[in-house]
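The values are calculated or read from the model by the stated rules, or taken from the named source; none is laboratory data. Since this is a predicted model, take the numbers as computed values, not measurements. Note: ideal-geometry Cβ built from the backbone for every residue, glycine included; neighbour counts use all protein chains shown. Accessible surface areas use protein heavy atoms only, side chains included; no ligands, DNA or RNA. Shrake-Rupley method; radii C 1.70, N 1.55, O 1.52, S 1.80 Å.
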Amino acid sequence: MKYSRDIDGLRAIAVLSVVLFHLGIEQVSGGFIGVDVFFTISGYLITSIILKDIAAGRFSILRFWQRRARRILPAMFALVCTCLLASWLILFPVELILFGESSAAALLFASNFLFWSETGYFDLASELKPLLHTWSLAVEEQFYLVIPWLLLISYRAGQAALKMIFAGFFCISFALAVYWVNTDVEFAFYMPHTRAWELLMGSLLAIGFMPNVQSQVTRELMVVTGLTAIVFASLSFSSATPFPGLAAIFPTLGTALIITATNSGTTRFSSILASKPLVSVGLISYSLYLWHWPLIVYARYITGDELTPLLQIFIVVLSFILAWSSWRWVEMPVRQSEYWWGRKLLVGCVTITAVLAISSIILVAQTGAPYRFNADYQSVFKLQYENHDRRECHFVNVIRVDQDSLCIRGAEGAEPSFVLAGDSHADTMSTPVFAAAKELGIAGYQFTQAGFRPLPGVKRLGKERSGLLSERFALFLEENPSVGVVILHAFWKLQVTGSTFRHKGFVYTDENYDGTGVEYNATSFAKGLDRLVKRFPDKKFVLLEDIPSGAEFDLNRLLRILYFSDSEVAQIDEVSGIPRSQYQADLDTYRQIIDDQISADNLQRVSLADVLCDTEFCYGTREDDILYRDGDHLTLAGAALFVDYFINFFEQVLIHDSSHE
């Protein structure tokens, strides 16, 4: 296949947009679409190469996979090996376990499935995974497993049938992407069958689905339109954009327009793509894509904060140095060598993969090798595994409710008179809530699930099924008239604003959603709360406000600050906590919305502030106890501080009220 400088220019635009996005450059909030540009380019190139070999009668699937291995694996091996060493030196045990799992998955080109199982691409936890970016390589390799067979079978049916078959698969994959991006956006983001259409967009170009464009003016317009679509997406999209559904048409179709135009003839604008600076970046784009992200992640680990402009520049320079070195001394020698073919290539790849994968598994088996740190750090690491005494009561789903298998906690044998409902924050608070209930001889249900919002009619955009449990919760309240008090607790700031220190762009909708994105969150929250309270006028609803939260409470972050400044664990109180005014500002984002609903007698807002805060400051430690295991979840010691609070709470809300009936 004839080399095209335009393609390398497009690769440069793609990888630079990804790098800038990952560096946190706000103006390139949609830079993640660079991956979609890569997908379309890859689909076009691979399909063109295979078709050319099939037509010449020399195509071999085994040789095709060998060429892919020679292209992809050398730099990947170098990256994983380097990251294993860096992670051993930098990461804490819990993080090293996750890295070991992702390293093994990346080597097997299955990391997209792993990262999907570990939730969102845009949350802070994902931003601290050194091999997160390998998900796209996994999707490509999964595509390469299928596409040769599909082309071999379709080619024999003739050109017309070939186009129809590929167009059919393209439409099916695109329809699945549009469906799943509204049903489960993380699933749509990572899965091969919801991404295949982007690669198939390139395949359609390769099989001649688009005719040559003879008009010079039309070609110029196509290139301009394509570049505009790509730039528009990279500058205007964000983590709140449902992706990769309809929005992904911008980068993929934009890429297709450029490829079609430049294949049809020269254009004035394509000379920009073929310019030496862009082509030079395009040549090393694969290595640049591989190396930049781990550098960003490790820099965040070491600094404990957002990247400064100076550090961003340093990362970019080092990324280019590593990328060029990797391309020059790792990629090219293997690709140009006649030695690495056949059995030698197979044995070499299997051996290196096995060594690196076994090393990764050992990290997991050793529970992150905590022995690398002194005893004080090891004792604190254990707090990250603490949840509470009844973890099995969390993760309620519709099936569990239908089977009447919710946990009844508190005093044994007492009839449940209340329910604690909400997300993982409610789950964390369940320990003191039910300890207090037991002390007072009462009992209640636990109705908690990760991310659950007990607001009927409210669901997260891109998580269509998230509203099912809230509807089932309302039915549960109807089915249990003995439940007189409903305690609601969740990450309300996330619900109302769509963002926290570790979340970005969460949109919560209802049947009246007007398409305004996160701006609608406050409306859906207010309406959902109003629906719940009015539907059950005979029940008393108590909304527990958020506890203080933020990166300033995140145990791992605080420990990293201390560790890399050569400080003792005992100094953690010096770096943890926030001013009460900052906590107050978080509460103010939703307090008025709640108060507007307290026109009825059956809704009460309860502050938790005084347990963890004084008049000036909210603390992450107390005496020798660390109160948070991450930025918004309490340790057992932190939760224990609320027992007396909830004893007083129940005496007022349940026992006192019932005595006046």
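Computed quantities for the displayed model
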quantity: Hz values of 3J(HN,Hα) by residue in the range 215-231 - Karplus curve (6.51, -1.76, 1.60), Gly and Pro given as x; calculated: 6, 4, 4, 5, 4, 4, 5, 5, 5, 4, 4, x, 5, 4, 4, 5, 5
quantity: Value of relative contact order over the range 86-245, rounded to a whole percent, pairs C-alpha under 8 Å and six or more apart; calculated: 21
quantity: Spin-label pair Glu471/Asp538, simplified geometry with 7 Å Cα→Cβ offset, distance in nm; calculated: 2.5
quantity: Accessible area of the range 515-661 belonging to carbon and sulfur atoms, whole % at 1.4 Å probe; calculated: 46
quantity: Under the Debye formula (equal points on every Cα, no solvent term), log10 I(q)/I(0) of the chain at q = 0.10 Å⁻¹; calculated: -1.00
quantity: Per DSSP, loop trypsin sites (Lys or Arg not before Pro) in the range 1-104 with at most 10 further Cβ within 10 Å; calculated: Lys2, Arg58
quantity: Karplus-derived 3J(HN,Hα), 6.51/-1.76/1.60, for each residue of the range 60-71, Hz, glycine and proline x; calculated: 9, 4, 4, 5, 4, 5, 5, 5, 5, 4, 5, 7
quantity: Over the range 83-171: Kirkwood hydrodynamic radius from C-alpha pairwise inverse distances, Å; calculated: 15.3
quantity: Computed over the range 224-319, Kirkwood Rh from alpha-carbon pairs, angstrom; calculated: 16.0
quantity: Reachable lysines from Lys163, criterion Cα separation under 19 angstrom, eight or more residues apart if same chain; calculated: Lys52
quantity: Surface share of carbon and sulfur [accessible, 1.4 angstrom probe, percent] for the range 180-298; calculated: 72
quantity: Rounded tilt (10° steps) of 93-107 against the dominant C-alpha axis of the chain; calculated: 30
quantity: Only Lys, Arg (+1) and Asp, Glu (-1) charged, at Cβ; the chain dipole about Cα centre in debye; calculated: 4420
quantity: Over the chain, relative contact order from alpha-carbon pairs under 8 Å, at least 6 apart, %; calculated: 15
quantity: Mean accessible surface per residue for the range 396-461, computed with a 1.4 Å probe while every protein chain stays in place, in Å²; calculated: 34
quantity: Debye, to nearest 20: dipole size of the range 501-541, +1 on Lys, Arg Cβ, -1 on Asp, Glu Cβ; calculated: 300
quantity: Interchain or long-range residues, amide H under 5 Å from Thr621's placed H; calculated: Leu627
quantity: Descending principal axes extents, the range 397-462, alpha-carbon based, whole Å; calculated: 42, 24, 15
quantity: ³J(HN,Hα), Karplus 6.51/-1.76/1.60, whole Hz, each residue of the range 558-574, x for Gly, Pro; calculated: 5, 5, 5, 4, 5, 5, 7, 9, 6, 9, 8, 4, 4, 8, 5, 5, 7
quantity: Helix axis angle, 466-479 relative to the chain longest principal axis, alpha carbon, degrees; calculated: 20
quantity: Long-range HN-HN contacts of Gly30 with modeled amide H, under 5 Å; calculated: Leu235, Ser236, Phe237
quantity: 27 Å Cα-Cα reach of Lys382 towards lysines, excluding residues that sit fewer than 8 places from it in its own chain; calculated: Lys129
quantity: Leading residue at positive end of dipole, the chain (Cβ point charges), from Phe564, Leu96, Phe170; calculated: Phe170
quantity: Dipole-positive endmost among Ile54, Ile41, Gln27 within the range 1-79 (Cβ charges, Cα centre); calculated: Ile54
quantity: Label-point separation in nm, Ile272 to Leu145, each point 7 Å along Cα→Cβ; calculated: 4.0
quantity: Spacing of the two label points (7 Å from each Cα toward its C-beta) at Gln403 and Lys438, in nm; calculated: 2.5
quantity: Where the range 1-154 is the region considered: accessible area per residue in Å², 1.4 Å probe; calculated: 34
quantity: Cβ-Cβ FRET estimate between Thr367 and Gln592, R0 fixed at 45 Å, reported to 0.05; calculated: 0.45
quantity: Loop sites in the range 322-418: trypsin sites (Lys or Arg not before Pro), DSSP, at most 14 other Cβ within 10 Å; calculated: Arg390
quantity: Distance violations [Cα-Cα > 25 Å] among Lys493/Lys527; Lys463/Lys539; Lys459/Lys504; Lys459/Lys493; calculated: Lys463/Lys539
quantity: Solvent-accessible area, 1.4 Å probe, carbon plus sulfur percent, for the range 1-132; calculated: 66
quantity: Surface per residue (accessible, 1.4 Å probe) for the range 507-561, Å²; calculated: 35
